[in-house]
Amino acid sequence: MSKDSDVFLEVGEFLRKQEFGARMPSRAELTERGRKWLESRRREICQIITHERLMTALKGDTPEEEQIRIIADLLAAHTLGVPPFVLARAIVTLGSHWFCGN
């Protein structure tokens, strides 16, 4: 499984109770739900974290853990339905272009 799929799965796991109720969804369903949710929230996330702030957090030799912490701090004041660290990990893994590209 790719790193991107792992990120989508992690987001889908947090959405599980909201989206599926008592039924236990498959790994594929959770991954797809996470992907769709992230895609639907891209614009909102990019309004919270401007492209410039995102690029500043992701550039240089900053370790991945520090990048995640910086981005999670930017997201912490906003309630999006998924914890800030999960979203920050998704942003770092998928990259700035996926979120705030053209």
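Quick one: in segment 27-64, which of the residues that are within 15 Å of Leu75 (Cα to Cα) and assigned to a loop (DSSP other than H, G, I, E, B) is nearest to the chain's Cα centre (by Cα)?
Selected residue: Ile49.
Can you name the residue in segment 45-97 that is free of Cβ contacts under 8 Å to residues at least 24 places away in the same chain, among the hydrophobic types (A, V, I, L, M, F, W, C) and closer than 23 Å to Leu9 by Cα and, of all such residues, is surrounded by the fewest Cβ atoms within 10 Å (Cβ to Cβ)?
Ala76
Return only the number of the condition from (1) under 16 Å from the mean Cα position of the chain (by Cα); (2) part of a helix (DSSP H, G or I) that Ala77 does not satisfy.
That leaves (2) as the condition not met.
Throughout, read-outs are computed from the coordinates displayed, never taken from laboratory work. Everything numeric here is computed off the predicted structure, so don't read it as measured data. Using ideal geometry, Cβ is built from the backbone for each residue, glycine included, and neighbour counts are taken over all protein chains shown.
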